[in-house]
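A short worksheet on the structure shown next.
The values are calculated or read from the model by the stated rules, or taken from the named source; none is laboratory data. Because the structure is predicted, anything quoted here is derived from the model rather than measured. Please note: Cβ atoms are built from the backbone with ideal geometry, for glycine as well, and neighbour counts cover all protein chains shown.
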Amino acid sequence: MNSQRLSENKQFYHYQEPKLTEYLSEMITRSIPYENHHVVVICIGTDRSTGDSLGPLTGTLLSENNHSNMTIYGTLANPVHAVNLQEKIKEIHTTYKKPYIIAIDACLGKMKNVGFIMAAAGPLSPGKALKKDLSKVGDMHITGIVNVGGFMEYLVLQNTRLHTVMEMAKKMAEILHQVDIRLSNRENKKVIN
């Protein structure tokens, strides 16, 4: 298995791991408290940079299916990025009572970790690789390591392979779709009991 366990609250898997969807959808579902009324997935990034398009691509793919337990913010048509992030966070908290927010974003890392998807408890610090000071967001976050960091990050993000980003976005959307199904099953069991 091409995975690494980082801690109790972090999971780190390569996007081609055969059981990735099963592992992460179960972990994410278990992390969502029963008392939360709604899950909001906020997909951060821009379509103006290949590497940074992971969030909006994931949001677009997620939006193609109906989800009864989650709302999606951040698509290719309506991205959530550095300029409107604070406004969207405020909108989410105004619209939903006690939302459970899952933040999605691309990140840079070591060469050996490119293609890995990480899910972790706690908020995401978007724009960190580009030295941006943006609001932290999320009760948990999922990031995809799209390329190598450490030098000329803007250029690196511009020259990231679209194929890798697209495959990771497909996998993240699949994982979150399964989370929605698992949440529906959990609700059904709660009603039956």
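Give the number of residues within region 74-106 that are buried (at least 22 other Cβ atoms within 10 Å of the Cβ) and out of contact with any Pro (no Cβ under 9 Å at 6 or more places or on another chain).
The qualifying residues number 3.
Considering only residues that are of a type in the set (Ser, Thr, Tyr) and touching a residue at least 24 places away in the same chain (Cβ under 8 Å), which ones fall in region 72-94?
Of everything in region 72-94, those that are of a type in the set (Ser, Thr, Tyr) and touching a residue at least 24 places away in the same chain (Cβ under 8 Å) turn out to be Tyr73, Thr75.
Does any residue in region 15-29 that is basic (Lys, Arg) come within less than 9 Å, Cβ to Cβ, of a residue that is crowded, with 18+ Cβ neighbours inside 10 Å six or more places away or on a different chain, and which pairs are these?
Hits for this filter: Lys19/Tyr13.
Mind checking which residues of region 146-163 are in contact with a Ser or Thr (Cβ under 9 Å, 6 or more places away or on another chain) and either modelled with pLDDT of 95 or more or surrounded by 18 or more Cβ atoms within 10 Å (Cβ to Cβ) (or both)? Walk me through it before giving the result.
So the first thing to find is which residues in region 146-163 are in contact with a Ser or Thr (Cβ under 9 Å, 6 or more places away or on another chain), and the list is 146-147, 154, 157-162.
The answer is Val146, Asn147, Leu157, Thr160.
Across region 26-43, what is the number of residues that are touching a Lys or Arg at 6+ places or on another chain (Cβ under 9 Å) and at pLDDT 95 or above?
The total comes to 1.
Farther than 23 Å from Ile181 by Cα and either surrounded by fewer than 19 Cβ atoms within 10 Å (Cβ to Cβ) or touching a residue at least 40 places away in the same chain (Cβ under 8 Å) (or both): does that describe Gly138? Please lay out each step first, then the result.
Working: farther than 23 Å from Ile181 by Cα: no; either surrounded by fewer than 19 Cβ atoms within 10 Å (Cβ to Cβ) or touching a residue at least 40 places away in the same chain (Cβ under 8 Å) (or both): yes.
Considered against the rule, which asks whether it is farther than 23 Å from Ile181 by Cα and either surrounded by fewer than 19 Cβ atoms within 10 Å (Cβ to Cβ) or touching a residue at least 40 places away in the same chain (Cβ under 8 Å) (or both), Gly138 comes out as no.
Got at least one residue in region 119-134 being polar (S, T, N, Q) and either surrounded by fewer than 16 Cβ atoms within 10 Å (Cβ to Cβ) or modelled with pLDDT of 90 or more (or both)? Spell out how you get there, then give the answer.
Pass one, region 119-134, residues polar (S, T, N, Q): 125.
Now narrow it down to the ones that are either surrounded by fewer than 16 Cβ atoms within 10 Å (Cβ to Cβ) or modelled with pLDDT of 90 or more (or both): none.
Looking for residues that are polar (S, T, N, Q) and either surrounded by fewer than 16 Cβ atoms within 10 Å (Cβ to Cβ) or modelled with pLDDT of 90 or more (or both), one finds none in region 119-134, hence no.
Checking Thr143 against (1) at pLDDT 90 or above; (2) over 24 Å from Ile28 (Cα atoms), which single condition isn't satisfied?
Answer for Thr143: the failing condition is (2).
Which condition does Glu26 not pass, out of (1) surrounded by fewer than 21 Cβ atoms within 10 Å (Cβ to Cβ); (2) outside any loop (DSSP other than H, G, I, E, B); (3) touching an Asp or Glu at 6+ places or on another chain (Cβ under 9 Å), if it passes all the others?
Of (1) surrounded by fewer than 21 Cβ atoms within 10 Å (Cβ to Cβ); (2) outside any loop (DSSP other than H, G, I, E, B); (3) touching an Asp or Glu at 6+ places or on another chain (Cβ under 9 Å), only one is false for Glu26: (3).
Count, please, the residues in region 36-63 that happen to be in a loop (DSSP other than H, G, I, E, B), of a type outside the set (Lys, Arg) and under 11 Å from Leu76 (Cα atoms). Explain how you work it out, then say what you get.
First pass over region 36-63, keeping only residues in a loop (DSSP other than H, G, I, E, B): 36-37, 45-50.
Within this subset, residues satisfying the condition of being of a type outside the set (Lys, Arg) are 36-37, 45-47, 49-50.
Those still in the list that are under 11 Å from Leu76 (Cα atoms) too: 45-47.
Counting residues in region 36-63 that are in a loop (DSSP other than H, G, I, E, B), of a type outside the set (Lys, Arg) and under 11 Å from Leu76 (Cα atoms) gives 3.
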